[in-house]
Amino acid sequence: MAMAIRVFLLLLLFLSSSNLTFSLFEDQVGLMDWHQQYIGKVKHAVFHTQKAGRKRVVVSTEENVVASLDLRHGEIFWRHVLGTNDAIDEIDIALGKYVIALSSEGSILRAWNLPDGQMVWESFLPGSKPSKALLSIPTNLKVDKDHVILIYSNGCLHAVSSIDGEVLWKKELATEGIEVQQLIHPLGSDIIYAVGFVGMEKLLIHQTHVSDLFQDSSATAVILPSKLMGMVALKISSTIIFIKVADAGKLEVVDKIDHAAAVSDGLSFLEGQQALALVQHGGSKIHLTVKLGPDWSGDLLKESFEMDHQRGVVHKVFINNYIRTDRSHGFRALIVMEDHSLLLLQQGEVVWSREDGLASIIDVTTSELPVEENGVSVAKVEHNLFEWLKGHILKLKGTLMLASPEDVVAIQRIRLKSSEKSKMTRDRNGFRKLLIVLSKAGKLFALHTGDGRIVWSLLLHTLHKSEACENPTGVNVYQWQVPHHHAMDENPSILVVGRCGHSLDAPGILSIVDTYTGNELNSLGPVHSIVQIIPLPFTDPTEQRLHLLMDAGLRAHLYPRTPEAIGIFQREFANIYWYSIEADNGIIRGHVLKNNCFLEVADEFCFETKALWSIVFPSESEKIIATVTRKLNEVVHTQAKVITDQEVMYKYVSKNLLFVATVAPKAVGEIGSVTPDESWLVVYLIDTITGRILHRLTHHGSQGPVHAVFSENWVVYHYFNLRAHRYEMSVIEIYDQSRADNKDVLNLILGKHNLTSPISSYSRPEVITKSQSYFFTHSVKTIAVTSTAKGITSKQLLIGTIGDQVLALDKRFLDPRRSINPTQAEKEEGIIPLTDSLPIIPQSYVTHALQVEGLRGIVTVPAKLESTTLVFSYGVDLYFTQLAPSRTYDSLTEDFSYALLLITIVALVVAIFVTWVLSERKELQEKWR
Amino acid sequence: MAVIQRSKPIFLTLLFLLPFCFLHSALAISPGNGDGYTINGRVKISSFGLKGFDGYFSFHNVPAGTHLIEVAAIGYFFSPVRVDVSARNPGKVQATLTENRRSLNELVLEPLREEQYYEIREPFSVMSLVKSPMGLMVGFMLIVMFLMPKLVENMACWKPVRLKIICLSK
């Protein structure tokens, strides 16, 4: 029951203890938070179905995850997320019980126990020269009862024991100039053949022109990386041809298949026979065909599946056979779709599907839900009231320890399954929203904040590979239209920005999507290149936000392209400034708009710009490694801060402040690549309108990577201190000194103050800064700060730690005014005595006992209720929760006992009657006396 | 390479709780030239009540210098460990916990403390009920009901006045 009954604020403030931690009881897990586990786009899949019991499939993915999935339901049995630089080359199963994974270009071999995922052994395979990494586990090669794993990597052939991972022998092959492509181990023999090329000569032997085999030489042919026995699969435009290598180097075409999307590896099946699976698209259906070798003519199986067109085309297919109850052979296929989702097909139907595109989120934004339109019927209210009361009686029983075990279960179910939180309408507290996420595959998902379910998904066709756009990638998502005046009849929409290719000067693509329905309203592209996107603080009459897109030629393009937009823009023309950062050259430039572009085709939405200022960092001593600004939509409630002795300090709150961190060019590499004497970290606060450096601070003997967050008038950053061998966090607060004279109440009353004078970047403000540093135990992946609707609630830093947890750290711990012995007045103000390191309180982990594997980002969104902020963190996993940094002072907590309140009221009423009756009687007696 | 061939194969049987240790690159005093050293160690959780578990780890190809090892394990707090790999006498490893500057003789990493992520729900007590707003309300009510009449009664001076009034009315 998330009813926010605003109660007497002071009472609750008095009742809530001054505890600084965000804390959670164990039975509150899952009430406001949800956690989803993903694995990413599957690269390899190995089935394990021979023995009865739990059937599973072991997969490795592009997010460097090794996972064992339940073949019946697609759930994760176990998974391991390897480091970002530890890409998996190949996986296989050895001895029927170990999962073997070769990673880091074939230099690390690991084995995990298949049933529970515990690590069994790990081997390091050194080598001289990088080469292709190959893994082969012969089923019948035994050395002293030990199965041998053969690995070719880094130019060496290794034989590794599968029991303990010991390297049995090693042979250098690269020195002889062999480029090994495949390892072959014939059945029942003791000889391994490593097939490869010596230089380039051998490669030419089997050269037969593709056009000789297939009469369409206009398209380029691509060899598909499928492992087939004695065959090669070539893909020419949309046709796949299978070419068999016959004797004496002759090639012959076995089969031609039109509109095929993917081909599986050959599956050894029966004696010396191979089967392969083919997937073709036809309308909204996909067709799966299993063909059997060696003639490949007959179709062993032909099935069609209805497929959601939002999943795109099939990228990969893996097959596995099983024996049906009638002893015939059946096949199941695991397919990987364009949106990175994983599906299991069996007996003509989709058994399960996993939305693994959500493991690679690029950007997140939020959208409001539709407003509730019609009122609720009386019958429903009555029913709800009854249910509600019943629930609360149960809860009361729980508090009074009277509940039976069944009741406890019922209570927990009621709490978790509250239909209120997953409704598809807007709520008064603003807890229910849509999270719009853009995945690497170019798919948009709308997730409901209540329970994390996917409301709609859309595979953006603008981010679909086409001739005009070879390599489309999504970049960002922005709120395009947020209707307030016409909230009932207009839907909000978002802007998706992408690029054709990875370089900054690649043509851009734009797409506008309705957030209620998930329909693409408009799309543009490929257009000019997009280097920078500036959402402007203006909206046109239809409440579309104006956006300024910078191209590589430093021209500004205005969107939306409407006459109204240009009218608004012309009015604000002189007030638009922005900056660009050239990290490689160490230059930050400020720009203004000049005039319309001089192009062949007149374009009134295009503007030339001119440079206003530039800051050039000396390239021999400083290199930019991090820049951060305030969030555009951040709200600051109070400009002044009352400190002890009734003094007032005015925060220097400017939207145009930029924090820049530079390090010595030598120290750009990993931590420890330089000695403390050669390393320094310099931080700057720069006004981006004038280019004035407001503050500069040097940390000697420190090094990046720097993670920073900017909010209100402070910036917090995390770096490594080489001298102390510890991570540090520093805070800089910036105050406006020119307003500091406005202390006198008399002057304020008489109007002799400059508080109402506009803040302008043209004037030179006198600022003072305060700074302090603390040790922090962990290295950090990302830092964010909580944001609330009106900015009254105190702030918490959200730190994504190396253990993929999110730690909430009160900003009060990072206050430059902390001292070892605070005075009584300072203590009353809430200043914590200074300690050398920041405390890590386990109860203040937002993610409690969960991990957001592969954590990459944390997003905070204010709810309408001032005390509460919504936190969404993403990586390979997703985690969402609600936070109340200063406790929920404006609403009752979830475990507030309404039943107890009712009982109290009833008891009071009864007591009033009893006393009334008693007093009446007494009075009567008095009178009779 | 010599180092690696001499070293015994390393078992890494860390429980799923401790899948990885993160090695944070080198604080190289003298950068190693290509072939580095191997750091072998052990993570041991000799638990507090429950059956403990442990496992081994190794980092290969580590250049000589100073390194920092961070252990990430849900439920336990580990101090980062500063490891000095000496170039002069290979295999010699000096390790220091950075949190409390305690030096380790062997590279056996143990958690400093267990981490409890949840608040412990206090068992139901009468005091908590009394302290709650409702309890205060009821308490106040009781005071008004039982204490106030007593106070009134004790103020004896009222009685004659009241009697007088009664007399007058008669």
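The values are calculated or read from the model by the stated rules, or taken from the named source; none is laboratory data. All values reported here derive from a predicted model rather than from experimental measurement. Here the Cβ positions follow ideal geometry from the backbone for every residue, glycine too, while neighbour counts run over all protein chains shown.
Rundown of residues vs (1) closer than 30 Å to A:Leu908 by Cα; (2) loosely packed, with under 15 Cβ neighbours inside 10 Å; (3) within 9 Å of another protein chain (Cβ to nearest Cβ); (4) free of Cβ contacts under 8 Å to residues at least 40 places away in the same chain, yes/no style:
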residue: B:Leu97; (1), (2), (3), (4): no, no, no, yes
residue: B:Arg101; (1), (2), (3), (4): no, yes, no, yes
residue: B:Glu122; (1), (2), (3), (4): yes, yes, no, yes
residue: B:Ser125; (1), (2), (3), (4): yes, yes, no, yes
residue: B:Leu129; (1), (2), (3), (4): yes, no, yes, yes
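Within the stretch A:843-860, being within 14 Å of another protein chain (Cβ to nearest Cβ), in contact (Cβ under 8 Å) with a residue 60 or more places away in the chain and outside any loop (DSSP other than H, G, I, E, B) holds for A:Gln843, A:Ser844.
Inspect all residues belonging to the stretch A:85-103 and state whether any of them is part of a loop (DSSP other than H, G, I, E, B) and within 13 Å of another protein chain (Cβ to nearest Cβ). Yes: the stretch A:85-103 contains one or more residues that are part of a loop (DSSP other than H, G, I, E, B) and within 13 Å of another protein chain (Cβ to nearest Cβ).
Residues of the stretch A:50-74 that are part of a loop (DSSP other than H, G, I, E, B) and surrounded by fewer than 16 Cβ atoms within 10 Å (Cβ to Cβ): A:Gln50, A:Lys51, A:Ala52, A:Gly53, A:Arg54, A:Arg72, A:His73. For the stretch A:816-827, state whether one or more residues are within 11 Å of another protein chain (Cβ to nearest Cβ), polar (S, T, N, Q), over 28 Å from the mean Cα position of the chain (by Cα) and not in a strand (DSSP E or B). Within the stretch A:816-827, not a single residue is within 11 Å of another protein chain (Cβ to nearest Cβ), polar (S, T, N, Q), over 28 Å from the mean Cα position of the chain (by Cα) and not in a strand (DSSP E or B).
Scanning the stretch A:879-929 for residues that are touching a residue at least 60 places away in the same chain (Cβ under 8 Å) and acidic (Asp, Glu) yields a total of 3. Can you tell me which residue in the stretch A:105-140 is nearest to the other protein chains (Cβ to nearest Cβ), limited to those that are crowded, with 19+ Cβ neighbours inside 10 Å and on the phi > 0 side of the Ramachandran plot? Among those residues, the one meeting the criterion is A:Gly117. Of the candidates A:Glu608, A:Glu620, the single residue that is farther than 15 Å from A:Leu549 by Cα, of a type in the set (Asp, Glu) and more than 35 Å from the chain's Cα centre (by Cα) is A:Glu620.
Consider the stretch B:78-87 and keep the residues that are more than 7 Å from chain A (Cβ to nearest Cβ) and in a strand (DSSP E or B). The one that is farthest from A:Arg723 (Cα to Cα) is B:Val85.
Restricting A:Ile912, A:Ile840 to residues that are within 10 Å of chain B (Cβ to nearest Cβ), assigned to a helix (DSSP H, G or I) and surrounded by fewer than 21 Cβ atoms within 10 Å (Cβ to Cβ) narrows the list to A:Ile912. Taking the criterion of being more than 23 Å from the chain's Cα centre (by Cα) and of a type in the set (Lys, Arg), would at least one residue in the stretch A:57-72 satisfy it? Yes, because at least one residue in the stretch A:57-72 is more than 23 Å from the chain's Cα centre (by Cα) and of a type in the set (Lys, Arg). Determine which member of the set A:Gly298, A:Gly312, A:Gly375 is at pLDDT below 80 and under 28 Å from A:Asp255 (Cβ atoms). Only one candidate qualifies: A:Gly298. Here A:Ser702 fits the description: within 14 Å of chain B (Cβ to nearest Cβ), crowded, with 21+ Cβ neighbours inside 10 Å and not hydrophobic (A, V, I, L, M, F, W, C). On the stretch given as the stretch A:776-815, residues that are away from chain B (no Cβ under 14 Å) and small (Gly, Ala, Ser) total 5. Only one entry of A:Ile436, A:Ile393 meets the criterion of being away from chain B (no Cβ under 14 Å) and part of a helix (DSSP H, G or I), and that entry is A:Ile393.
Quickly run through the stretch A:543-558 and pick out the residues that are within 16 Å of A:Leu510 (Cα to Cα), touching a residue at least 60 places away in the same chain (Cβ under 8 Å) and not polar (S, T, N, Q). Residues satisfying the conditions are A:Arg545, A:His547. Residues that are within 8 Å of another protein chain (Cβ to nearest Cβ) and not in a strand (DSSP E or B) were ranked within the stretch B:108-119; the one that is farthest from A:Val29 (Cα to Cα) is B:Glu115. Only a single criterion out of (1) in a helix (DSSP H, G or I); (2) surrounded by 18 or more Cβ atoms within 10 Å (Cβ to Cβ) is not satisfied by A:Asp645, namely (2). Just give me the residues in the stretch A:310-329 being out of contact with any Leu (no Cβ under 8 Å at 6 or more places or on another chain) and either surrounded by 17 or more Cβ atoms within 10 Å (Cβ to Cβ) or at negative phi (or both), in sequence order. A:Val313, A:Val314, A:His315, A:Lys316, A:Tyr322, A:Ile323, A:Arg324, A:Thr325, A:Asp326, A:Ser328 - these are the residues of the stretch A:310-329 that are out of contact with any Leu (no Cβ under 8 Å at 6 or more places or on another chain) and either surrounded by 17 or more Cβ atoms within 10 Å (Cβ to Cβ) or at negative phi (or both). Among the residues in the stretch A:634-641, are any farther than 30 Å from A:Glu670 by Cβ, of a type in the set (S, T, N, Q), surrounded by 12 or more Cβ atoms within 10 Å (Cβ to Cβ) and under 34 Å from the mean Cα position of the chain (by Cα)? Yes, the stretch A:634-641 contains at least one residue that is farther than 30 Å from A:Glu670 by Cβ, of a type in the set (S, T, N, Q), surrounded by 12 or more Cβ atoms within 10 Å (Cβ to Cβ) and under 34 Å from the mean Cα position of the chain (by Cα).
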